[in-house]
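Below is one structure, written out as structure tokens; comments come after it.
The values are calculated or read from the model by the stated rules, or taken from the named source; none is laboratory data. Remember, it's a predicted structure, so these values are computed and weren't measured experimentally. In this analysis, Cβ positions are derived from the backbone assuming ideal geometry, glycine residues included, and neighbour counts consider all displayed protein chains. The protein model used for the area step is the full one, side chains on, heavy atoms only, and it has no ligands, DNA or RNA in it. Shrake-Rupley method; radii C 1.70, N 1.55, O 1.52, S 1.80 Å.
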Amino acid sequence: MKSIELLVPAKDLETGLAAINCGADAIYIGGPQFGAREAASNPLQDIERLANYAHKYWAKIYITINTILYDKELDEAEKLILQLYNAGADGLIIQDVGLLELNLPPIPLIASTQMHNQSPERIAFLEQVGFKRAILARELTLDQIYQIHSRTNIELETFIHGELCVSYSGQCYLSYAIGGRSGNRGQCAQPCRRKYSLIGAENKSIVQNRYLLSLRDLNLSESLNDLMDAGVSSFKIEGRLKDKTYVMNIVGYYRQKLDVILNKRSMKPASSGSIHFDFTPNPYKTFNRGYSTYFLYGRNQKLASFQTLKSLGEPLGKVISHNERSFTLELSAPQVFPGDGLCFLNADHKLVGSIVNQVNNRLIFPRNMAGFLPGVQVYRNHDHEFNELLRKSHTDRRIKMHFQLSKISETFHIIAVDEDNNRVDLSIDGKLETAKNTEKARQTIEHQLCKLGGTEFECSQVDFDFLEAPFLTVARLNSFRREIIEKLILARQHNRPVETSAIVHNNIAQFPEKRLLYNGNVLNSRAAEFYYRHGVKTIEPAAESGLEMNGRKVMTTKYCLRFELNVCPYQTKSQKLAEPLELIDEQGVHYPLRFNCTDCVMEVYYRSLPAKFLDP
């Protein structure tokens, strides 16, 4: 394993630039079209600007073209990919294999998690047909990741932080079935974040109006060593719709964690530069619904966030006393400041709270005192001081380098060497006057050469390979510094590692399945040609081709409501639910549930509205 990459989302240019400054080794970002987050598209000019900036640090830019495409869109996608390649993109994240049938530039291809990358057989196939990397399904255990790594040589990327889709990625048709907005087309309406009721046999109510499909967020910050040992080489943070402050905080947090690990393993980061933070990253101080490790260590924890969709934030502690206008928290609670947003779950399981108006010693005066009673667990879901610090942050990234000064005959040489061993030489010909005060001359030379503000470099030292220092004016030293730094920048541009890739056409690799149903997501004729050539015998068109979804499976999920409600037949024998079970949304639509215990997954089916609910 050559290096470990910290891969970071960016919804726009500003966020991408901030992410690079906070330590991202790579950015994934949507282009003008065809990304799985339609609301996070970006013009080509911004892609090029971001690539140019990232490449200073040998960081990479990956573009998401990870929707499935109609035939009429393929030519446009082909042209766009060439434009993105020319704009400096380092890789392409795709879902639609129809793109492999086109005339693509030699840009590395990354298999989106939307391709349902959950078995060694699927990953091996992707490697055989030319993918450089596979983004693994979030649901995999550590052992499953290791098994994939042991049977393939492809790069493995996995999510380590952020919101979780309740369904296997690429296998959710809920949004499309109920409203025509397809997640596989970048238009998911997130119906999984709505309230549902759960009923059993004879319409017996089990749970009423809760967020039964809404999960807590992922946090694998304590599992980075385990993931590296399992074979993961790219750690991915979720959040292409997140704002700049969220990205800065989370990237900074993982950058610091990862650097400690890499240092212990005597490994270098995947890109250049050291980060100079002016804030202390903390993942609890930005949006989160509470955290879990999902299924990385098996089915060993509850995952749902039934009570609220909103951010819980940072746990502060319990209320220990109160009066009409103020309350106090337990002694161990972190300090609270005016402008903070505090919240708690009330007796009806709703998240409520208030802005803090004033703090006097340990007395907290909220705008609204209702509910801040002794015993209530309080969270801070808006840290005013921290967010202001992030908003005004000047965190930057500097590439370490040093100067070597030597004299050969009558020629002085200034050599600049950076942390990636790029080396450039500036020769100063002609006899130079020897300084009367060697120590002072050396100090002046060192001071002027190390004035690198406004560049991406920082000087760690200046070595003198001679006894007598030359006399050089400040103006000449500044000119020499500018000239040699320009040469170093050009050297870095020339030597930056650039990977290329070629699609393996006409190979005999066999896809591990012979039959593809609608959840194979084959929407265009070129994708069908690809699968037929690789051994698939029958193909049902994708749901987005216009299939009637009534009665079909619209979600496959490793998350299981029976486990969450402590009635899994393999978990407890003391309590069972009268089945069949169904979810009902707030519009009265029914979603029958089936439990495939052999594969340990829950399946959600769609049953359309009865006639009395339909519009005339």
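Quick notes on this structure:
- Accessible-area value, Arg151, 1.4 Å probe, nucleic acids and ligands omitted, Å²: 140 Å²
- Working value for region 152-204: equivalent-ellipsoid semi-axes of 29, 16, 11 Å, each the square root of 5 times a Cα gyration tensor eigenvalue, largest first.
- Exceedance of the 22 Å cut-off in Cα-Cα distance is limited, within the set Lys407/Lys436; Lys56/Lys487; Lys350/Lys553; Lys195/Lys302; Lys72/Lys553; Lys400/Lys436, to Lys350/Lys553; Lys72/Lys553; Lys400/Lys436.
- Per the Debye formula on identical point scatterers at the alpha carbon atoms of region 433-488, with no solvent, log10 I(q)/I(0) at q = 0.23 Å⁻¹ is -0.94.
- Once the Cα gyration tensor of region 86-234 is diagonalised, semi-axes √(5λ) in Å: 32, 21, 14
- Extent along principal axes [Cα atoms of region 387-520; Å; largest to smallest]: 85, 48, 20
- For the chain, adding -39500 (n - 2.57) for each run of n ≥ 4 DSSP H residues and dividing by the number of residues yields -7000 deg cm²/dmol at 222 nm.
- Cβ-defined net charge surrounding Thr158, 12 Å radius [Lys, Arg +1; Asp, Glu -1]: -3
- Convex hull volume per residue in cubic angstrom - Cα atoms of region 268-416: 193 Å³
- Here, region 107-168 yields an orientationally averaged convex hull projection of 4.3 nm² when only Cα atoms define the hull.
- Summarising the overall dimensions of region 364-462 from its C-alpha atoms, the Rg and Dmax are 26.6, 83 angstrom.
- P(r) tail fraction, region 382-421 - alpha-carbon pairs more than 14 Å apart, %: 67 percent
- Applying a 4.7 Å Cβ-Cβ cutoff to the chain leaves Cys22, Cys165, Cys172, Cys188, Cys192, Cys343, Cys560, Cys568, Cys597, Cys600 as cysteine residues with no disulfide-compatible partner.
- Solvent-accessible area, 1.4 Å probe, carbon plus sulfur percent, for the chain: 48 percent
- Per the Debye formula on identical point scatterers at the alpha carbon atoms of region 14-84, with no solvent, log10 I(q)/I(0) at q = 0.20, 0.28 Å⁻¹ is -0.81, -1.30.
- Relative to the longest principal axis of the Cα atoms of the chain, the long axis of helix 474-495 makes an angle of roughly 40 degrees.
- Positive contributions from Lys and Arg (+1) and negative ones from Asp and Glu (-1), summed over other residues with Cβ under 9 Å from the Cβ of Asp585, come out at +1.
- Folded to 0 to 90 degrees: helix 142-151 orientation relative to the chain principal axis, Cα: 70 degrees
- Residues with amide H under 5 Å from that of Val232, placed H, sequence gap 5 or more: none
- Helix axis angle, 44-56 relative to the chain longest principal axis, alpha carbon, degrees: 50 degrees
- Note on the chain: Cα-Cα pairs beyond 38 Å make up 43% of the total pair count.
- Per residue accessible area in Å² of region 121-266, where ligands, DNA and RNA are left out and the probe is 1.4 Å: 35 Å²
- Placed amide H near Glu458: partners under 5 Å, 5+ positions off or other chain: Ile399, Lys400, Met401
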